[in-house]
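**Q** Provided herewith is a single structure, encoded as structure tokens, for subsequent inquiry.
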Amino acid sequence: MARRPRWLTDDEQATWRSYLLTTQLLDEALDRQLQRDAGFPHAYYGILVTLSEAPQRSLRMSELARRLRYSQSRMTHAVTSLERSGWVRREACPSDRRGQLAVLTPAGMDALKAAAPGHVAEVRARLFDRLTPTQQAQLRDICDTVLAGLDTNEDAAPSS
């Protein structure tokens with residue numbers, strides 16, 4: 001006998017739709033701001049940040065993809081674009097000839113430093129300045145709870 005669906009209540013449905021629209025519009029606003037002010041998308045900002053925080057500003061391509069939850073092909077495409085800008089370079093992995101490292105260049109670090117103030121201002125204006133400190137703590141707790149049920153990659157920290 002098939003189980004009956006456990007439909008969302010009206011309140012749950014309203015919360016779900018609000019969440020979906022909020023995350024979509026926030027992602028779009030952050031992407032627009034970075035495109036306008038820095039000339040690259042939010043996804044590339046995440047790559048630059050992740051590399052900037054890595055030892056020697058370098059990570060294996062597979063590790064970078066794992067941390068950002070990107071497919072290998074998406075990461076390859078993004079790094080190729082960042083290479084064209086001179087912000088990332090690829091190097092052979094010294095410990096494994098099959099692997100490649102993505103390395104943040106000085107120009108990439110400069111681009112990240114130039115983009116960061118505008119990005120942080122946009123994040124503040126669109127999210128944190130609209131919430132009380134209590135709401136910020138609640139949002140983090142909610143996100144951590146949901147993330148714990150979704151994330152099978154505990155070592156990777158979200159970046160943005």
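What follows is calculated from the coordinates using simple rules that are stated; it is not laboratory data. Not measured: the values here are computed from a predicted model. When we count neighbours, we look across all protein chains shown, and the Cβ atoms used for this are built from the backbone with ideal geometry, even at glycine.
**Q** Dipole of the chain, Cα-centred, from +1 at each Lys and Arg C-beta and -1 at each Asp and Glu C-beta, to the nearest 20 debye?
**A** Using Cβ point charges on Lys, Arg, Asp and Glu, the chain gives about 480 debye.
**Q** As a check on your grasp of the helix formula, calculate [θ] at 222 nm for the chain: sum -39500 (n - 2.57) over DSSP H runs of n ≥ 4, divide by the residue count, round to the nearest 500.
**A** When only DSSP H runs of four or more count, the value is -21000 deg cm²/dmol.
**Q** What is the gain in length, in nm to one decimal, between D27 and F128 on full extension, counting 0.36 nm per residue of separation less the C-alpha to C-alpha distance?
**A** Difference between extended and current length: 34.9 nm.
**Q** With Cβ to Cβ distances under 14 Å as the rule, what net charge do the other residues near L21 carry (K, R +1; D, E -1)?
**A** So the environment of L21 carries a net charge of 0.
**Q** Within 10 Å of each candidate Cβ there may be at most 11 other Cβ atoms; applying that plus a DSSP loop requirement, which chymotrypsin sites (Phe, Trp or Tyr not before Pro) in the stretch 6-72 survive?
**A** W7
**Q** Let me ask something additional. Quick one: what do you get for the chain if you divide its Cα Rg by 2.2 N^0.38 Å?
**A** That ratio works out to 1.23.
**Q** Also, quick follow-up: Please report M75, M109, M61, M1 as a ranked list, fewest other C-beta atoms within 10 angstrom at the top and most at the bottom.
**A** So the ranking, lowest neighbour count to highest, is M1, M109, M61, M75.
**Q** With a cap of 15 neighbouring Cβ atoms within 10 Å, and only residues DSSP puts in a loop, list the trypsin sites (Lys or Arg not before Pro) found in the stretch 71-144.
**A** R97, R98
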